[in-house]
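Contents: one structure, followed by commentary.
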Amino acid sequence: MIEEKFDFIYKAFRMNLYRHVFSILGQRDSTLSASDFFSVEIIYLMGNPTITEFANALCISQPNATYRVKSLIDKGYVVKSGTDKKNTFRLSVTEKFNKYYHEDMGYGKFIFRMLEKQFSEDELAQIDGIFEKFIRQIQAEEGEKCSES
């Protein structure tokens, strides 16, 4: 029973997330495809990864990651900055992406506002504990993500 309910919630979250993304894409210039949007968002969420870290996070080849990053740089959404290591760069999003993204209107905040409306403080504290367990499990499995693909 809980698996079916979770599946329903998960699908609803995904549908709403995609609606959110496509509404953002529809409101802005059309230089970003959905794939571009997800790629630059992942760079943003990772917080200044290297191209190798970006490739590993997506379980894609280094050449594929380099191609995606070059495209995002050419479109003005990502910049590279040097590090202490020769031939190693950190990626970061530009102000152009930040204007596009509007984190304050992000999907996560939408979900949280939904939870706040629906649950009491005690229930939110219980949910917080459940989320904490999910986070620990996700972090424990982080290294296994590409090997299973």
Got at least one residue in region 23-39 being surrounded by 11 or more Cβ atoms within 10 Å (Cβ to Cβ) and over 17 Å from the mean Cα position of the chain (by Cα)? yes
Filtered residue count, region 60-87, keeping only those that are surrounded by 12 or more Cβ atoms within 10 Å (Cβ to Cβ) and part of a loop (DSSP other than H, G, I, E, B): 5
In region 25-44, residues that are part of a helix (DSSP H, G or I) and modelled with pLDDT under 90 total 9
Report, by residue number, each residue of region 58-79 that is without any contact (Cβ under 8 Å) to a residue 24 or more places away in the chain and more than 18 Å from Thr31 (Cα to Cα). Leu58, Ile60, Ser61, Gln62, Pro63, Asn64, Ala65, Thr66
Take the residues in region 91-138 that are closer than 30 Å to Tyr77 by Cα and in contact with an Asp or Glu (Cβ under 9 Å, 6 or more places away or on another chain); name whichever of them is modelled with the highest pLDDT. Leu91
Outside any helix (DSSP H, G or I) and either over 19 Å from Glu95 (Cα atoms) or modelled with pLDDT of 85 or more (or both): which single residue out of Asn48, Asn16 fits that description? Asn48
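The values are calculated or read from the model by the stated rules, or taken from the named source; none is laboratory data. Everything numeric here is computed off the predicted structure, so don't read it as measured data. Cβ: placed from backbone, ideal geometry, glycine included. Neighbour counts: every protein chain shown.
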